[in-house]
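K.L.:
Attaching a single structure in structure tokens format; questions to follow.
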Amino acid sequence: MLLVPLQLAGSASLLAIGFAILFFFIIIISFIRRYKRCPSDRILVIYGKVGAGSSAKCIHGGAAFIWPVIQDYEYLDLTPISIEVNLVNALSKQNIRVNVPSRFTIGISTEPGIMQNAAERLLGQGMQDVQELAMEIIFGQLRLVVASMDIEEINSDRDKFLSNISQSVESELKKVGLKLINVNITDIVDESGYIEALGKEAAAHAINAARKSVAEKNRDGSIGEANAVQDERTQVAAANAKAVEGENIAKINVANSDSIRRQREAEAERTAIAAEKVQAAKALEESYAAEKDAEIARAERVRSSQMADIVVPAEIDKKKVEIAAEAEAEMIRRKAKGEADAILYKAEAEAKGLFEILTKQAQGLDEIVKAAGNSPKDAVLLLIADKLPELVKTQAEAIKNIKIDKVTVWDSGAKTGDGKGSTANFISGMYKSVPPLQEMFNMAGMQLPDYLKGKELAQEGDGGDATGSPDPAKEGEKE
């Protein structure tokens with residue numbers, strides 16, 4: 001009975017040990033699978049949590065352990081990329097456009113700092129994307145290099161041209177993690193034919209120099225040959241002179257024959273020398289003609305350069321002045337338009353205000369006419385009656401400030417036709433200087449009502465004024 005529990009306990013222990021061993025092997029295999037080795041033609045880029053201040057860790061030709069969850073990895077291919085760059089119409093330093101067909105070979109750099117740039121800017125991009133990016137950089141830098149050099153330097157000093165291209169392009173490619181492996185310039189052609197003219201000039205110089213050398217060598221050979229013949233004949237003649245006397249006549253004939261032959265040889269030599277000089281003169285003439293064409297081309301280039309340095313800035317200054325004048329004219333026009341709009345708005349506002357005032361006055365006058373029973377005459381009387389106190393006050397104000405402290409009248413006692421004395425006439429005239437009511441209405445161009453006319457006439461007939469006051473003249477006579 002006790003063996004069964006013991007066996008069960010032993011089986012459980014063995015099972016637990018088996019599971020532990022299996023789990024241990026799984027962990028080991030997982031760690032082994034996370035240990036990555038980098039091939040020689042690739043760069044292993046580890047990203048994620050790789051350390052403070054670093055976005056990625058690059059390994060070339062080694063191995064590293066990739067921690068699960070917090071790290072991951074990718075590869076950058078180091079296979080070289082060949083890019084065909086056909087630069088067309090690039091402007092040189094002399095303002096001459098040239099075509100520079102070329103081929104560039106690039107690849108991802110394995111230098112530590114540049115490799116880090118490649119990990120940050122090229123990771124995850126395909127070969128086509130990298131090729132397009134590099135082509136844009138190469139195009140821009142190649143134009144800059146062409147613009148900084150003369151045509152003569154580009155055509156004659158290819159090493160300097162390639163060196164400038166390499167330095168300029170590689171410095172920009174390093175910023176994105178690339179490296180320039182090789183540059184091959186196939187040919188350089190300009191639209192104006194300047195490079196072809198330079199080649200013809202060089203060929204003409206070489207041909208003329210070769211012709212001159214051949215002529216000089218032929219001249220030296222002819223002179224040497226003639227000298228050798230002359231020495232030979234001289235020695236033969238000296239030997240013959242020592243011969244027997246019987247041979248003197250033959251020697252004389254031989255000497256005469258030799259003289260004629262030498263004359264002919266000299267003539268032939270002279271003709272050959274003259275021909276050589278003619279050929280040399282023709283060679284010099286061709287050389288001078290080629291130099292003349294080169295000088296004309298150089299003068300044309302200098303003229304074009306001066307035109308670009310003087311005429312183009314002058315035209316730019318002229319355009320600036322025209323633009324400034326147009327801007328000033330536009331500003332003046334806008335200012336004048338603003339002032340005209342302000343004056344128009346002010347006039348419209350004043351017209352609207354005057355229109356409102358006249359409209360209100362017309363409405364008031366219409367109400368007054370309606371109140372007077374639609375009688376214009378009665379409406380005018382109402383207006384006059386309303387303004388009568390102000391009119392009387394104005395008339396009274398006219399003589400209010402006249403101060404009369406004392407009036408002395410010397411009366412002779414004589415009577416006038418109406419029975420009044422001089423004193424009475426003076427006081428009556430002074431009192432009548434105040435306009436009566438009838439005269440005020442007459443001055444206004446209106447007529448008093450009949451009931452007012454009768455009263456005033458009655459007052460005037462009684463010798464009083466319009467207000468019912470006694471006539472001062474009569475009062476004076478009474479006195």
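The values are calculated or read from the model by the stated rules, or taken from the named source; none is laboratory data. Everything quoted here is computed from the prediction, not taken from an experiment. Virtual Cβ from ideal backbone geometry, glycine too; neighbours counted across all protein chains shown.
K.L.:
Against the condition in contact (Cβ under 8 Å) with a residue 12 or more places away in the chain, over 60 Å from the mean Cα position of the chain (by Cα) and either within 30 Å of R97 (Cβ to Cβ) or surrounded by 11 or more Cβ atoms within 10 Å (Cβ to Cβ) (or both), how does A255 come out, does it pass?
P.N.:
Judged against the criteria, A255 is a match.
K.L.:
Scan region 157-177 residue by residue and report those that are crowded, with 19+ Cβ neighbours inside 10 Å, more than 14 Å from I188 (Cα to Cα) and in contact with an Asp or Glu (Cβ under 8 Å, 6 or more places away or on another chain).
P.N.:
G177
K.L.:
If you don't mind, another one. Which members of region 57-88 meet the condition of being in contact with a Leu (Cβ under 9 Å, 6 or more places away or on another chain) and within 30 Å of D190 (Cα to Cα)?
P.N.:
Of everything in region 57-88, those that are in contact with a Leu (Cβ under 9 Å, 6 or more places away or on another chain) and within 30 Å of D190 (Cα to Cα) turn out to be I81, V85, L87.
K.L.:
I've got another one for you. Determine which single condition V98 fails, assuming it passes every other condition in (1) in a loop (DSSP other than H, G, I, E, B); (2) in contact (Cβ under 8 Å) with a residue 60 or more places away in the chain.
P.N.:
The single condition V98 does not satisfy is (1).
K.L.:
Another question about this same structure. Only one residue in I368, I310 is at pLDDT 75 or above, assigned to a helix (DSSP H, G or I), over 60 Å from the mean Cα position of the chain (by Cα) and not assigned by TED's automatic domain parsing to the domain that holds N95. Which one?
P.N.:
I368
K.L.:
Restricting to helices (runs of 4 or more DSSP H) lying wholly in region 149-262: which have 2 or more residues that are among the acidic types (D, E) and modelled with pLDDT under 70?
P.N.:
Counting at least 2 such residues, we get 194-241.
K.L.:
Quickly run through region 60-118 and pick out the residues that are over 30 Å from R158 (Cα atoms), surrounded by 16 or more Cβ atoms within 10 Å (Cβ to Cβ) and among the aromatic types (F, W, Y).
P.N.:
Result: Y73, single match.
K.L.:
While we're looking at this one, here's another question. Exactly one of (1) closer than 30 Å to I185 by Cβ; (2) at pLDDT 85 or above is unmet by L91. Its number?
P.N.:
Here L91 meets the rest and fails (2).
K.L.:
I've got another one for you. Would you confirm, using the coordinates I've provided, whether T105 is assigned by TED's automatic domain parsing to the domain that holds M135 and over 41 Å from the mean Cα position of the chain (by Cα)?
P.N.:
Considered against the rule, which asks whether it is assigned by TED's automatic domain parsing to the domain that holds M135 and over 41 Å from the mean Cα position of the chain (by Cα), T105 comes out as no.
K.L.:
Oh, and also: Inspect region 289-297 for any residue being at pLDDT below 85, more than 53 Å from the chain's Cα centre (by Cα) and either surrounded by 11 or more Cβ atoms within 10 Å (Cβ to Cβ) or assigned by TED's automatic domain parsing to the domain that holds E152 (or both) and give the result as yes or no.
P.N.:
No, region 289-297 contains no residue that is at pLDDT below 85, more than 53 Å from the chain's Cα centre (by Cα) and either surrounded by 11 or more Cβ atoms within 10 Å (Cβ to Cβ) or assigned by TED's automatic domain parsing to the domain that holds E152 (or both).
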